[in-house]
Structure formats: C-alpha cells, structure tokens
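Have a look at the structure below before the remarks.
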C-alpha cells in the first residue's frame, strides 16, 4: 500500500484531493493510505520518513510548503513531493527540494492523475533490499535504504538507521561485503556511509541525515566524492 500525506490548510481543497485519490484507487486498483495535515508545521513536527508521496500546498499560514519541504528533506531524501499551488512561478523553486512536479489549483482530475501516475512510477523503480542482523540472539530485518552508516567499534559493528541503531558482533568489513554493489562507500577505516543519506560534504566531513558529521580520510576523499557524484547523477528524475 502506498502511503500519501496531504498537507493542505483549505478543507475543501483537501477533500478534493482525497476524492481524486479515491477515484484513482478505483480506476487503477492501487490502494492508498492517506493522512491529512492542516499545515506545514503539523507535518514537520516529529516527522519520520514513513510516507511514499507528499502532496504539499505552497501557501499555508504557519509554515509554507517550501519551508516544510526543506525541513523534510533533511531527514527524508526519498519521499516523492508534489506541490499544489495556484501560481506557476512557484514551479521553479520546487526543484530546489527535488520536487517531482507541481499541480495548479483548482486541481483537475486528469492533470492530478497524471502526476500520481508519475509518482507511483518513480516508487516502482526503487528496489527494496534488506539486511538481516543478528541482535541479542534474534534476527532483525533492516531495509538497506534505511541504513545511514555503519560504524566499527572494536569487535562489533554499529548499524545506524533512520529509526535507531543496532549493535552486532563482527567486523565492519563483513557487513560491508554484504552491501557491495549498493549505495554504500567507506569514508575511512571506521565508517561505511550510505550515499543516499549524504546531505553534503564540507572540508573533510560528510554531513548526513540526522545531524551526523563523519570524517572522510584524505586518501579516500577523491574516490568518495566521485562515488557521491556518480550516485547523484544516477538518481531517477
């Protein structure tokens, strides 16, 4: 089921979006789990990356859609964002937060359905892989996309995810081998970083989702930047 958040302060406009989504469900046999928010401040408060698609109104009284999107992007690089606006000039600004597109108000069903189709197609292109971790004698399945970085700690490895962290027995290189070919790169002898969660590079540090600031060793910096550039260039548009 696809999880969609609607962030709209106008009850009538919000109801119309829900109506369009329910119609799309019937026509395409695509179930949606819909959550409503009345303002950008409401969706940002305690935000966790649980949504697949966010429909964001641009003009809201407390926190506008662009400001909300900027904050959301700090913790969620993957949610598909579609802006709902009555002004075409806002479309260009949407690219600053990697918005998929925008829909003009009043929202006609045909244009809306095309954007939902594009959003769903982007989601379908993503493949979900999991890593099985042995934690406290049990098994924990973690989506590799949710792993922010791995940290070596003596004879253990700490797996930092968007939801928390897990400590497992074994060297960092063992988990690194399991993640080979995915979006992971070793920044130094003690860390393996998921490139999808890198917000930027400043000097010799990689800035990650969640406020993590990890050292990039001098011998690895050139290769790390090349890997990050390749990853960003390969992301679906």
First in the stretch 76-93 and under 17 Å from residue 108 (Cα atoms), second anywhere and surrounded by fewer than 21 Cβ atoms within 10 Å (Cβ to Cβ) and at pLDDT below 80, Cβ under 6 Å, 6 or more apart: 82/100; 82/101
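State whether the residues of the stretch 85-98 include one that is in a helix (DSSP H, G or I), crowded, with 21+ Cβ neighbours inside 10 Å and modelled with pLDDT of 90 or more. Reasoning before the result, please.
Initial filter on the stretch 85-98 (in a helix (DSSP H, G or I)): 90-97.
Now narrow it down to the ones that are crowded, with 21+ Cβ neighbours inside 10 Å: 94.
From what's left, modelled with pLDDT of 90 or more: none.
No, the stretch 85-98 contains no residue that is in a helix (DSSP H, G or I), crowded, with 21+ Cβ neighbours inside 10 Å and modelled with pLDDT of 90 or more.
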Index of the failed condition, residue 30 passing every other in (1) surrounded by fewer than 20 Cβ atoms within 10 Å (Cβ to Cβ); (2) within 28 Å of residue 210 (Cα to Cα); (3) touching a residue at least 12 places away in the same chain (Cβ under 8 Å): (2)
Any hit, the stretch 45-67, residues being exposed (fewer than 13 other Cβ atoms within 10 Å of the Cβ) and either in contact with a helix residue (DSSP H, G or I) (Cβ under 6 Å, 6 or more places away or on another chain) or modelled with pLDDT under 90 (or both): yes
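Taking the stretch 131-153, which residues are surrounded by fewer than 16 Cβ atoms within 10 Å (Cβ to Cβ) and farther than 27 Å from residue 29 by Cα? Walk me through how you get there before you give the answer.
Let us first name the residues in the stretch 131-153 that are surrounded by fewer than 16 Cβ atoms within 10 Å (Cβ to Cβ), namely 132, 134-141, 143, 153.
132, 134, 135, 136, 137, 138, 139, 140, 141, 153, listed by residue number.
The values are calculated or read from the model by the stated rules, or taken from the named source; none is laboratory data. Predicted, not measured: the structure shown is a model, and the values here were computed from it. Glycine also receives a Cβ, built like all others from the backbone with ideal geometry; neighbour counts cover every protein chain displayed.
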